[in-house]
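Q: Before we start, here is the structure in question, set down as structure tokens.
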Amino acid sequence: MRRINLAIVGATGMVGRTFLKVLEERNLPVENYHLFSSARSAGTALSFMGKEYKVMELTENSLDDGVIDIALFSAGGSTSLKFSPIAASKGCVVIDNSSAWRMDPEVPLVVPEVNPKDILKHRGIIANPNCSTIQAVVALKPLHDKYTIKRIVYSTYQAVSGAGMQGNQDLENGLKGEPPKKFPHPIADNVLPHIDVFEKNGYTKEEMKMVNETKKILGDQNLKITATTVRVPVFNSHSESINVEFEKPFDLEELKNTLAQAPGIIVQDDTAANLYPMPVNVSGKDEVYVGRVRRDESLDSGVNLWVVADNIRKGAATNAVQIAQELIKMWESGQLPNKY
Ligand code: A2P
């Protein structure tokens, strides 16, 4: 079996550095790693897998024919819009963390616990969903399969790391009394009902990402979904209150067992012991944590969930690396042609 060549685009960023950590933990059959950034950080040395790697500037020739098999991109939408098609045209499969390609009907939008088979439809670019959508659909998929979801109401409590290095700096500086640079208002000691830009319908782009990406990943355009996304002064890990209405009736204990047995989920729900998921405990983990599972007594068949995940790991880097692992398996097994 041949080993692959893997590129990381945006290696110096918040998600890029986490790609390196997750890759160190997982045993991918990689021959060579190539680390890229913009001209700004080119030349930076990053130690990874016990070696020093020099980060190179990404240019149109960086991803030349056959050199790179998979490129993990986390360098923003405009970089991805420019370089992903170039990479794909040279035989490289891009796994992109930006929102640039997510709603393109030709581009699979994948969470490996939910819709791994969509990878088979790729044409050179696979999109990694929005961080808040990833953790939500991991929790919702087993419930949709069993009870058929009719409607979802999302309310999020999102960490500053979702806004990259500058998000973290705004909270750190804000705690020292300094004004924000990234967010439109102070984030320290504050809560901002505003993530990404506002759209014409009054929702933010983040809210509409959750609505549209959930439908695409669960493969169900009939789902009724609404969202309010909120930035809170937490460094890392997003929390979500998710209200779900089902077509079918359910037994609460059976629903909890369904969640506990589903891939990638840890149920942490013991109110007598004050046990429920919290960002401080979930940061650094790859699973999606679910707690506060309780019947919505205002509905015929509905449930409330509290869902917490590390937005930089499962919400970005881990999910992308898991997609790469699935892709490699599909090459190895002959489900996808070419690479072996
Ligand atoms: P650089 O360090 O040179 O700015 P974050 O979202 O945490 O700020 O990280 C963004 C990542 O994307 C960084 O690694 C950044 O590199 C990289 N990046 C930004 N623009 C480009 C570009 N045009 N080409 C390659 N990498 C880029």
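Q: What is the one condition in (1) farther than 20 Å from K285 by Cα; (2) surrounded by 11 or more Cβ atoms within 10 Å (Cβ to Cβ); (3) away from the ligand (no atom under 11 Å from the Cβ); (4) modelled with pLDDT of 95 or more that R26 does not satisfy?
A: (1)
Q: In the set I86, I70, I125, I119, which member is crowded, with 24+ Cβ neighbours inside 10 Å and aliphatic (A, V, I, L, M)?
A: I70
Q: Can you confirm whether S38 is polar (S, T, N, Q) and within 14 Å of the ligand (Cβ to nearest atom)?
A: Answer is yes for this residue.
Q: Just give me the residues in the range 36-62 being assigned to a loop (DSSP other than H, G, I, E, B) and among the aliphatic types (A, V, I, L, M), in sequence order.
A: If the condition is that a residue be assigned to a loop (DSSP other than H, G, I, E, B) and among the aliphatic types (A, V, I, L, M), then A39, A42, M49, V55, L58 are the ones that fit.
Q: Go through the range 11-34 residue by residue and tally those that are among the aliphatic types (A, V, I, L, M) and over 23 Å from G167 (Cα atoms).
A: Of the residues in the range 11-34, 3 are among the aliphatic types (A, V, I, L, M) and over 23 Å from G167 (Cα atoms).
Q: Under 8 Å by Cβ, and 6 or more places apart or on different chains, what pairs join a residue from the range 162-180 that is over 15 Å from R231 (Cβ atoms) with one that is assigned to a helix (DSSP H, G or I) and away from the ligand (no atom under 14 Å from the Cβ)?
A: P179/N173
Q: Still on this structure: Does K117 satisfy being within 16 Å of the ligand (Cβ to nearest atom) and either part of a helix (DSSP H, G or I) or within 26 Å of I265 (Cα to Cα) (or both)?
A: no
Q: Can you pull out the residues in the range 63-79 that are within 9 Å of the ligand (Cβ to nearest atom), outside any strand (DSSP E or B) and in contact with a Phe, Trp or Tyr (Cβ under 9 Å, 6 or more places away or on another chain)?
A: S74, A75, T79
Q: Moving on to the next point. Only one of (1) modelled with pLDDT of 95 or more; (2) under 25 Å from the mean Cα position of the chain (by Cα); (3) within 9 Å of the ligand (Cβ to nearest atom); (4) not acidic (D, E) fails for T44. Which number is that?
A: Failed condition: (2).
Q: Would you mind finding the one in E207, E254, E240, E245 that is more than 15 Å from A309 (Cα to Cα) and in a strand (DSSP E or B)?
A: Of the residues listed, the single one that is more than 15 Å from A309 (Cα to Cα) and in a strand (DSSP E or B) is E245.
Q: Test T148 against the stated conditions and say whether it is at pLDDT 95 or above, over 14 Å from the mean Cα position of the chain (by Cα) and either buried (at least 20 other Cβ atoms within 10 Å of the Cβ) or over 13 Å from A324 (Cβ atoms) (or both). Let's see the steps before the verdict.
A: Details: at pLDDT 95 or above: yes; over 14 Å from the mean Cα position of the chain (by Cα): yes; either buried (at least 20 other Cβ atoms within 10 Å of the Cβ) or over 13 Å from A324 (Cβ atoms) (or both): yes.
Answer is yes for this residue.
Q: How many residues are crowded, with 20+ Cβ neighbours inside 10 Å and in contact with a Gly (Cβ under 6 Å, 6 or more places away or on another chain) when one looks only at the range 181-199?
A: Qualifying residue count, the range 181-199: 1.
Q: Further question on the same structure: Go through the range 164-186 and give me each residue that's away from the ligand (no atom under 16 Å from the Cβ), part of a loop (DSSP other than H, G, I, E, B) and in contact with a Pro (Cβ under 6 Å, 6 or more places away or on another chain).
A: Hit for the range 164-186 is P186, nothing else.
The values are calculated or read from the model by the stated rules, or taken from the named source; none is laboratory data. All of these numbers come straight from a predicted model, not from anything done at the bench. As a convention, Cβ positions derive from the backbone with ideal geometry for all residues, glycine included, and neighbour counts pool all protein chains shown.
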